[in-house]
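No lab work stands behind these numbers, since they all come straight from the coordinates. On a predicted model such as this, the values are computed, not experimentally measured, just so you know. Every residue, glycine among them, receives a Cβ derived from its backbone with ideal geometry; neighbour counts consider all protein chains shown.
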Amino acid sequence: MDIVRTIAELRLALAGTGRASFVPTMGNLHEGHLTLVRLAAQLGAPVVSSIFVNRLQFAPSEDFDTYPRTFERDCALLEGAGCDLVFAPPEGELYPQPQTYTVQPAGALANILEGQFRPGFFTGVCTVVLKLLNCVGPCSAIFGKKDYQQLLVIREMVRQFALPVEIVAGETERAADGLALSSRNAYLSAAQRIEAPALAAELRRIAAAVQGGASDWSELEAGAMRALQDRGWRPDYVAIRRQSDLGAPSASGKPSRDEPLVVLGAGMLGTTRLIDNREIPPTA
Ligand code: PAF
């Protein structure tokens, strides 16, 4: 596996290899990332992964400075999962100082849910992903469903800018107790780690209730918020949405089970913010 630091080195390394399958990351890798890399390897093209902690997607109050940088370990894991080339640019290589051009995703998708609680987050994500896609020029790029809204925002960016890349979704990897794997799980204390699967459990409960025919969806959402609060969380949202665009499925006042839904949730457990989601297939 080769490691390159500059865009020029990257383009040289990619010359003549055929277009790659690309897995962008911020490093601090776990099994969830490696599943995406293995999925990329199955697509038959060379596998490129990036490691870049993207300042633009962190608010000043967030953990940019303390975000774990575990480069040597990440590279060993990437190699083991079948990655052929790692692009790990220093900040000054990827961003002119300052980066004054950014991608502003449509508010209807990007200012809700995560975007409501992390203003500017999706602008930062889209800007870096567009730039990385331009540098790597892959035929496909793989994003995890764990960051469901991010996946949709990027799909829509690719569609609106007619970028020549297929966005492939990877399933969420979970610990045995149901907790979705996330780099930020490492911030949890031992007691918080025991509590953390409660978010996934609430989402699972809602998905089962909707599938079982429950129709008071706002009460399901509010009930999950209350349950998490009672357990010591500060939940940001629990929301049942359309899979296609994360719009509210019951805008007409009448819940519709005809289309694929997803229930998404986010909240603070101590000082760690966790997000998760569960897809709810339509009724047959
Ligand atoms: O999901 C992530 O790790 C990041 O948001 C991404 C897509 C690598 C952009 O920095």
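Some points to look at:
- Count of residues meeting criterion [farther than 17 Å from C83 by Cβ and either near the ligand (Cβ under 10 Å from one of its atoms) or touching a strand residue (DSSP E or B) at 6+ places or on another chain (Cβ under 8 Å) (or both)] in region 134-150: 6
- Looking only at region 80-126, residues that are more than 24 Å from G267 (Cβ to Cβ) and among the polar types (S, T, N, Q) come to 5 in all.
- One residue stands out among those in region 154-164 that are within 18 Å of the chain's Cα centre (by Cα) and hydrophobic (A, V, I, L, M, F, W, C): the one that is nearest to Q57 (Cα to Cα), which is I154.
- Taking region 69-103 as the range and being of a type in the set (S, T, N, Q) and under 22 Å from the mean Cα position of the chain (by Cα) as the test, the residues that pass are T70, T102.
- Hey, R38 farther than 23 Å from E93 by Cβ, surrounded by fewer than 21 Cβ atoms within 10 Å (Cβ to Cβ), of a type outside the set (S, T, Y) and in contact with a helix residue (DSSP H, G or I) (Cβ under 7 Å, 6 or more places away or on another chain) or not: yes
- Restricting region 210-224 to residues that are of a type in the set (A, V, I, L, M, F, W, C) and surrounded by fewer than 19 Cβ atoms within 10 Å (Cβ to Cβ), the residue that is farthest from the chain's Cα centre (by Cα): A214
- Any chance P119 is over 19 Å from L14 (Cα atoms), of a type outside the set (V, I, T) and in contact with a Gly (Cβ under 9 Å, 6 or more places away or on another chain): no
- Residue ID - surrounded by the fewest Cβ atoms within 10 Å (Cβ to Cβ), chosen from residues in region 68-124 that are in contact with a helix residue (DSSP H, G or I) (Cβ under 7 Å, 6 or more places away or on another chain) and among the acidic types (D, E): E91
- Residue pairs meeting the criteria (Cβ under 7 Å; at least 6 apart or on separate chains; first in contact (Cβ under 8 Å) with a residue 12 or more places away in the chain, in region 172-186; second among the β-branched types (V, I, T) and within 13 Å of the ligand (Cβ to nearest atom)): A180/T172
- Qualifying residue in region 228-238 (condition: hydrophobic (A, V, I, L, M, F, W, C) and loosely packed, with under 12 Cβ neighbours inside 10 Å): no
- Residue in region 179-190 that is part of a helix (DSSP H, G or I), within 27 Å of V37 (Cα to Cα), small (G, A, S) and away from the ligand (no atom under 16 Å from the Cβ) present: no
- Extreme residue, surrounded by the most Cβ atoms within 10 Å (Cβ to Cβ), among residues of region 156-187 that are within 23 Å of N111 (Cβ to Cβ) and among the charged types (D, E, K, R): E156
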